[in-house]
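Have a look at the structure below before the remarks.
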Amino acid sequence: MIAAYLILTLIAVVLQVVSYRKHDEMNSIGVIANVLAAIVATIAFIIGGRNDSVSGGYIYYVNGVKMGSGFMTVGATIVLAIISFGTSFGASMGLGYLIGHRRDAEEKAKPKVWVLILSILAIPFGSGFFRSISLLPNLSVTGRLVVLGLGAITWGLGILGIVSYIIKKKRANK
């Protein structure tokens, strides 16, 4: 069942890529594939005996004064169905747009401030990966390599984004 979920999500990704490549818009059949993937995942969770529940407490305030509190329990199947749909939809739409959308040369040449901000934020996040190695002494060798790889990739993308912004800004000012 999980394999069917992943295959339907992959089909939705391919449909979105083709749609963005040809028409630069989302594909309704891809969205239907996302819904089917979520239904398949929900059925898999139900058949698998996932009858657990998700619980959490809450406190509410009115004008800074505590007015009450409570405890809420929701069936895990509902939560997992929402998460499976969100994962499938996010993956297909995000990857479909990322791979399928073609930008023109003029759009690519413009420096974007949001890219600069994300690139600057990537540096401390990359450092956080390296710092986490010393904070997690029981991490396996594979885990350490994954964390080091993620840190290096995050740093590299941050530096690449900053350099790219500077180059595009210089070209735009000429």
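See the values below:
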item: Among the residues listed as 17, 74, 62, the single one being closer than 30 Å to residue 171 by Cβ and of a type in the set (A, V, I, L, M); result: 17
item: Flag if residue 40 is in contact (Cβ under 8 Å) with a residue 24 or more places away in the chain and closer than 30 Å to residue 163 by Cβ; result: no
item: Residue in segment 61-70 that is assigned to a loop (DSSP other than H, G, I, E, B) and of a type in the set (Lys, Arg) present; result: no
item: Residues of segment 126-141 classified as surrounded by fewer than 13 Cβ atoms within 10 Å (Cβ to Cβ) and among the hydroxyl-bearing types (Ser, Thr, Tyr), total; result: 2
item: Residues of segment 163-174 satisfying the condition of being surrounded by 17 or more Cβ atoms within 10 Å (Cβ to Cβ) and either closer than 18 Å to residue 121 by Cα or not assigned by TED's automatic domain parsing to the domain that holds residue 130 (or both); result: 165
item: Pairs, first surrounded by fewer than 18 Cβ atoms within 10 Å (Cβ to Cβ) in segment 10-27, second charged (D, E, K, R), C-beta under 9 Å, six or more apart; result: 21/102; 24/102
item: Flag for residue 144 being charged (D, E, K, R), in a helix (DSSP H, G or I) and surrounded by 13 or more Cβ atoms within 10 Å (Cβ to Cβ); result: yes
item: Residue in segment 72-130 that is modelled with the lowest pLDDT, counting only those that are in a helix (DSSP H, G or I) and of a type in the set (S, T, N, Q); result: 77
item: Pairs with Cβ under 6 Å, 6+ apart, first in segment 79-102 and free of Cβ contacts under 8 Å to residues at least 40 places away in the same chain, second exposed (fewer than 14 other Cβ atoms within 10 Å of the Cβ); result: 79/54
item: Test: residue 40 is within 17 Å of residue 2 (Cβ to Cβ) and either assigned to a strand (DSSP E or B) or among the β-branched types (Val, Ile, Thr) (or both); result: yes
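The values are calculated or read from the model by the stated rules, or taken from the named source; none is laboratory data. Every value quoted in this text rests on a predicted model; they were computed, and no experiment measured them. Glycine also receives a Cβ, built like all others from the backbone with ideal geometry; neighbour counts cover every protein chain displayed.
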